[in-house]
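The values are calculated or read from the model by the stated rules, or taken from the named source; none is laboratory data. Predicted model only: the values in this text are computed from it and were never measured. Cβ placement follows ideal geometry from the backbone for every residue including glycine, while neighbour counts extend to all protein chains displayed.
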């Protein structure tokens with residue numbers, strides 16, 4: 001199913017909505033420590049965040065901890081909290097856990113930044129780090145039926161493709177060969193946790209000052225910058 005459209009403006013509006021209920025949120029028991037002030041339970045806000053930051057960490061712990069970094073797509077309307085779809089290499093032993101019985105956590109990470117105490121109007125504070133993450137917990141199940149697996153891949157590609165590539169035009173033999181090297185999965189979300197530590201519990205002058213300083217704060221380097229430097233160093 002096609003994911004619902006969203007914009008950064010929608011996300012900003014939902015931040016405001018979520019803030020209204022912060023005091024009423026209950027700290028969940030799950031994969032993530034969340035102080036009450038940072039707990040976000042608004043499902044649309046969390047789904048929008050997951051759609052925007054869809055390159056994730058797939059974490060399992062049987063028999064050992066294993067983490068795989070992959071893109072996923074979210075079916076918002078399936079299951080209680082949604083269903084996530086993705087794939088891993090068949091050579092990755094993690095796929096052996098896709099039996100619908102083993103638990104996994106899929107971590108969505110948003111922007112983050114160091115916060116200096118000098119940015120606040122109130123003196124006597126200490127440095128901190130602001131960030132936003134969502135954890136989705138469930139039991140991944142392998143998608144083995146060929147048509148369903150191909151549909152999973154088509155939707156995953158469609159979510160990210162912006163340059164005109166059409167998966168439906170790829171010769172069937174090429175697709176079949178590719179599919180033999182990967183294992184698709186779907187994971188119904190049993191627990192959805194959102195931690196948005198953005199200084200929302202501070203007073204209005206502090207929040208205004210924080211936003212002003214974040215305008216010029218150091219940002220992560222781009223993938224272009226990292227790739228260009230890596231090529232120069234290695235080639």
## Note on the structure
Of the listed residues (94, 102), the one being surrounded by 14 or more Cβ atoms within 10 Å (Cβ to Cβ), more than 17 Å from the chain's Cα centre (by Cα), within 21 Å of residue 156 (Cα to Cα) and modelled with pLDDT of 95 or more is 94
### Message
Restricting to region 213-231, and then to whatever is in contact (Cβ under 8 Å) with a residue 24 or more places away in the chain and part of a helix (DSSP H, G or I), can you tell me which residue is nearest to the chain's Cα centre (by Cα)?
### Response
214
### Task
Would you mind stating whether residue 131 is crowded, with 17+ Cβ neighbours inside 10 Å and touching a residue at least 60 places away in the same chain (Cβ under 8 Å)?
no
### Summary
When (1) more than 28 Å from residue 179 (Cβ to Cβ); (2) touching a helix residue (DSSP H, G or I) at 6+ places or on another chain (Cβ under 8 Å); (3) modelled with pLDDT of 95 or more are applied to residue 71, the one that fails is (1)
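Listed here are the residues, each with its yes/no results for (1) in contact with a strand residue (DSSP E or B) (Cβ under 9 Å, 6 or more places away or on another chain); (2) within 20 Å of residue 96 (Cβ to Cβ); (3) assigned to a loop (DSSP other than H, G, I, E, B); (4) at pLDDT below 95.
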| position | (1), (2), (3), (4) |
| --- | --- |
| 137 | yes, yes, no, no |
| 149 | yes, yes, no, no |
| 165 | no, no, yes, yes |
| 185 | yes, yes, no, no |
| 193 | yes, no, no, no |
| 202 | no, no, yes, yes |
### Query
What tally of residues in region 136-147 results from selecting those that are under 15 Å from residue 188 (Cβ atoms) and either under 14 Å from the mean Cα position of the chain (by Cα) or surrounded by fewer than 20 Cβ atoms within 10 Å (Cβ to Cβ) (or both)?
5
### Task
Go through (1) within 23 Å of the chain's Cα centre (by Cα); (2) surrounded by 15 or more Cβ atoms within 10 Å (Cβ to Cβ); (3) in contact (Cβ under 8 Å) with a residue 12 or more places away in the chain one by one and return the number of the condition residue 175 breaks.
(1)
### Message
Restricting to region 104-123, count the residues that are in contact with a helix residue (DSSP H, G or I) (Cβ under 9 Å, 6 or more places away or on another chain) and outside any strand (DSSP E or B).
### Response
7
#### Entry: Among (1) in contact (Cβ under 8 Å) with a residue 60 or more places away in the chain; (2) surrounded by fewer than 18 Cβ atoms within 10 Å (Cβ to Cβ); (3) assigned to a strand (DSSP E or B), the one test that residue 88 misses
(2)
### Summary
Going through region 57-80 in order, the residues found to be surrounded by 15 or more Cβ atoms within 10 Å (Cβ to Cβ) and part of a strand (DSSP E or B) are 57, 58, 59, 60, 66, 68, 70, 73, 74, 75
